[in-house]
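Right, one structure below, let's go through it.
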Amino acid sequence: MASLLWRARAGIRTERMPCFAGHGMADPAYRPPRLPYVSVVGPLNVELEPERDPPRAAHLWVQTPGHVAGAPRTAAETVPAPGPLTLVLDGEVQVTATVDAGALAGQPLTSDGVAVAVAAAAEDALRDAIHAGAARSGGVPVTDPERVAELAALTVRWDATGRRFVISSGRRGTRPVADPDGRPSGVAVPAPAGTVATALGLAGVTGTPGRLVRHRRPLPTAVAVDVRVDLWAGSQLELADALDTWIRVTPTRGQLLERPALLAADVAQGATALRLQLQGDPGTRWTLLQLEPTGGGATGLTDRRTGRAPVLDGATATEDGIRLDGAASAQCTFFDPPPVPLPWLPEHPAIDGYAVTAGLRFDAGAAVGDTAPVLTLEHAAVPVLSVQVEHVAGTNGGEPQARIRAEARRDDGTHLAAAVATVAATRLVAGVELHVVADAATGVVTMFLDGAPVGAPNGDPAPGTPAAGPGLALRLGAAAGVTPAVTVGHVHVQGRPLGPPDPRSRAGVAPAAAWAPGDPVSLGRTEDGVTASGEVFAATVVAVDGDELILDRPVVGSFPRAASLVFARPLFFSQRQLRRQDDLMNRLYRICAEYRVSTFLDERFPSVSAPLVETPRIDITDFSRAVRPAPGHPGTRAVLVTGSAAPLPTTATTTADIALSEAPHG
């Protein structure tokens, strides 16, 4: 259902009009919230497919963290005064940190919230000391960034049930088949323990080492699901346009991508990690420039097609994009001429017109008369398409307004009919997605905010091809100054007058946090941004590190960021029925397409075979009270001997649960 919904939102880019998508209803009286609209209805039917071969089993090696658990605390123990706490992590790294609980010193540890606050203070102190270089191995400071990050992932927690403090190593999680360096996972408190360790019950306590265990993810259940996709329109022309686009990306038989995601960086041959975008729009076959957040700890925007970053002239690169303040600007060139002119490589990238989408967020505090040249598309230093925002006074003393003007220029120097819209200034402060279409056929510029049309044409229509050619440039901001400051979150330039994307499609892609160790992951090429084609590389996720997926095998082949898609697995679908169901009385035109999708039901969370226990329960059975037959010959009896003679042995029944989900060799 989510895959179909994402495909409808990201794939249906109709000409010159917006098309939204959402979940529909099976009620025949259902009416979409707007037109044109795509509704996904289902599941209509679910059937098991026992004859299908399940996917291969995923085997993982899980590193359980080593830890040390302190002695139980009573009401007599109090929070210690500030002092050092020394630990030995993973058998080789020693770190000393000063633990200061502040005003909690002297209070009983068992009081409400006191022990939790002390554990948090100790954890922060240890992590700060590790980042400050206090972690030493053999007397040498640990400087490797990955090792420092692993050491700083240790935890100090209060066990409310056992009324004790527990410190766990940061070396844990899912790892490849062989531990790369053989380093153990553990926590130890060396002697002498010190006042802080003694007060926390950690003195003289032996830690429990971590273990590397083998785990197998449960296999999913193969099922077939029937779903329906309805295309709604207010005219025959709108319905034909939406149906053409839908059939282009969804034929009568093909593959549906489960959990689609976008790459944040190119993937080279032999790579073992995939970096994913947090959110974003897929590119299309008409994409000329697509600036998206760099990610991976870097700031600013980069072009998904070429990897270029805009040249900043006073602008500031932030995690959210590019911030323009005052005379700051940024510029990025694109559409380079091909080295060899070929018939299928156009010299003019936008014969029919342009479509530009930008995410904008203005700072508050705008005054009447403030102007902001947000973006300008240039060719040979001449503006081709520009967007400017001017703050004006509200009507009858109402809230401040912002007037947005978008205009485009033809090859002969004349202008298309500009688009002008006036919106509340607070709307721009909250952040909007602005979409501008320069249509060569109609000679009119239209504007959309968050997918909805706004404003009206200003001027007479002037049909004709907009100016363009090799060496296009996108300029954010201007030397004239941007007031108030604005942050540009993303920019998408396309050489076709396409309608706005559904704003919810940006959040429809799966970030790295949507994956878990053991999940399948696939890499495939794409030509339209929503369907995969060619050879697909499949692997298994063994770990999730921030915005990266760590794979269990090297990648075969290379996958460029702009022409590739990441997804969990391909699902096969076939069209079962296509029919018209118009409501001419209400001027609703509707196409119903029913599909059968072969998919899998996955276990959302791995099952645990047994709970963890640290202390076995031993029950002693006294033979003197047990009734049992004599082991000797008939007629003999057992006699309990007392006194100085050795007592008879007793039996010991031991009960212990094993803390391994699957460990056939353990």
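The values are calculated or read from the model by the stated rules, or taken from the named source; none is laboratory data. Keep in mind the model is a prediction, meaning the values are calculated, not measured. Backbone-built Cβ (ideal geometry, glycine too); neighbour counts: all protein chains shown. Remember, those area values only see protein heavy atoms, side chains included, never the ligands or the DNA or RNA. Shrake-Rupley method; radii C 1.70, N 1.55, O 1.52, S 1.80 Å.
Of 1, 447, 585, 17, which has the most accessible area with a 1.4 Å probe, and how do the rest follow in descending order? Show your work: numbers first, answer last.
On the way: 1 70, 447 5, 585 175, 17 30 Å².
Largest to smallest exposure gives the sequence 585, 1, 17, 447.
Which of the peptides 430-441, 570-581 is most tightly packed, and how do the rest follow, going by the mean number of other Cβ atoms within 10 Å of each residue?
Output ranking for 430-441, 570-581: 430-441, 570-581.
When only the heavy atoms of the protein chains count and the probe is 1.4 Å, how do 319, 49, 77 rank by accessible area, highest first?
Values: 319 150, 49 30, 77 50 Å².
The ordering from most to least exposed comes out as 319, 77, 49.
What does the helix-only formula give at 222 nm for the chain: each DSSP H stretch with n ≥ 4 adding -39500 (n - 2.57), the total divided by the residues, and the result rounded to the nearest 500 deg cm²/dmol?
Mean residue ellipticity at 222 nm (helix-derived): -2500 deg cm²/dmol.
If the viscosity is 0.692 mPa s and the temperature 37 °C, what translational diffusion coefficient in µm²/s does Stokes-Einstein give for the stretch 334-395 when Rh comes from Kirkwood over Cα pairs?
Approximately 216 µm²/s, per Stokes-Einstein.
Could you give each residue of the stretch 418-434 its phi-based ³J(HN,Hα) in whole Hz, using Karplus coefficients 6.51, -1.76, 1.60 with θ = phi - 60°, and x for Gly or Pro?
Each residue of the stretch 418-434 in turn: 6, 10, 10, 9, 10, 10, 5, 5, 5, 5, 6, 5, 6, x, 9, 10, 8 Hz.
Measure out, as a whole number of angstrom, how far apart the alpha-carbon centroids of the stretch 91-116 and the stretch 567-581 sit.
Rounded to whole Å, the Cα centres lie 58 Å apart.
Going from the alpha-carbon gyration tensor of the chain, what semi-axes, largest first and in whole Å, does one get by taking the root of 5 times each eigenvalue? Write out the running numbers ahead of the final one.
Values: eigenvalues 737, 236, 109 Å².
Each semi-axis is √(5λ); the values are 61, 34, 23 Å.
Mind listing the long-range amide H neighbours of residue 135? Cut-off is under 5 Å, sequence gap 5 or more, other chains count too, H placed in the peptide plane at 1.01 Å from N.
Residues meeting the criterion, in which the H sits 1.01 Å from N, are 142.
Rounding to the nearest 20 debye, state how big the charge dipole of the chain is about its Cα centre with +1 on each Lys and Arg Cβ and -1 on each Asp and Glu Cβ.
Dipole size: approximately 1540 debye.
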